[in-house]
């Protein structure tokens, strides 16, 4: 029981800081997206392709969350975009305080869209508001069409769902209609994009949506 | 800082209960495997195929851990194996106390191998000893060959690594040699099985190993 109490206090503190961040993002006109998924959904590859496609149109920046390494931040840095790495040292999610610290290293005035790539985890990060405008859950077709039902909180809090690795659909028993029905049962307002970050399929609609945000 | 202290106390309590469970499993001659992976690695399918293949040779039982639903326990129950569902209500991992409670519903004396399917999460469950003899991390080829480096704790604590969905290798940029090098860099003693729970490929070696355990 004492653990639950502490957890609640941690979340209250987190939400307070997240609200301050949200105000700051609004004041400085930065649209922030929190990217959430299991490990291996293709989150970083999707982000890399997105940064390429937005290049020249929109000023982007990235905060990378990882439990241990800066491999992903190195991948992102190749795209000549400002990137700050947060290493959680085993922590299973980003929180608003970590994001606040990372912001000290970014010139927010020069940024239109800030992507926060969360730790690969479909459970814990769902509970932590980072002050973002949109939570984007990325699911790969290889994970199975039952994932919304099995990890409902993530789908409940998300605004957008990117279904990635659609290039593999022919080789999988993945029912795309059932997946979306499952997800809409949890969250009727979820907005979908079907993509293959590998082949580029569907990325135009996703980046069109991003461009219309600002 | 206070959170870290509480976390430490939680882990200490967990480890005490895990040691009691380990003694109990040894006394009652039950071999326990803790199955760990990301969501969508094919853990439940692998378990279903394993139960089928062991049927008639070995008396098995399953403890299913899920954040919300009993979908997986229903799948397991079809194989006429004793199964207990633990629903964590959003909790991101199983702990030893939950397993102790679940054991009250199993006749351990009749069981030779107990599989504990943990919550789909490559981060948090790595910290919680459940009294098991072996931690088995299941990774699907679709998750990418960098996963051991990005989630090192899980690979450090695991004894066995099942690389699943090898039927998809032709369609992926997954380097199986690099994956194993990455994993062995973290844990030189890791023992590997390459499987496709879907096609059945490689399951013979995995079940041979299981049969030799008892």
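Brief remarks on what is shown
- Search result, residues across the stretch B:105-141 that are without any contact (Cβ under 8 Å) to a residue 40 or more places away in the chain and within 24 Å of residue B:177 (Cα to Cα): B:123, B:141
- A single entry from A:182, A:164, A:159, A:187 fulfils the requirement of being farther than 16 Å from residue A:33 by Cα and under 14 Å from the mean Cα position of the chain (by Cα): A:164.
- Hits in the stretch A:25-49 - residues which are under 18 Å from residue A:71 (Cα atoms) and surrounded by 23 or more Cβ atoms within 10 Å (Cβ to Cβ): A:35, A:36, A:37, A:38, A:39, A:40, A:41, A:42, A:43, A:44, A:46, A:47
- Residues of the stretch B:159-214 that turn out to be surrounded by fewer than 14 Cβ atoms within 10 Å (Cβ to Cβ), under 24 Å from residue B:129 (Cβ atoms) and touching a strand residue (DSSP E or B) at 6+ places or on another chain (Cβ under 9 Å), as a count: 4
- Segments classed as helices (runs of 4 or more DSSP H), wholly inside the stretch B:1-117, with at least 3 members that are more than 25 Å from residue B:127 (Cα to Cα) and at pLDDT 95 or above: B:43-54
- There is no residue in the stretch A:27-46 that is more than 20 Å from residue B:152 (Cβ to Cβ), free of Cβ contacts under 8 Å to residues at least 24 places away in the same chain and within 17 Å of the chain's Cα centre (by Cα).
- Subset of the stretch A:96-118 (residues that are within 14 Å of chain B (Cβ to nearest Cβ) and crowded, with 24+ Cβ neighbours inside 10 Å): A:117, A:118
- Condition check for residue A:195: under 16 Å from the mean Cα position of the chain (by Cα) and under 20 Å from residue A:148 (Cβ atoms): yes
The values are calculated or read from the model by the stated rules, or taken from the named source; none is laboratory data. This one's a predicted model, so the numbers in the text were calculated from it and none came from an experiment. Cβ sites come from the backbone with ideal geometry, for glycine too, and all protein chains shown count toward neighbours.
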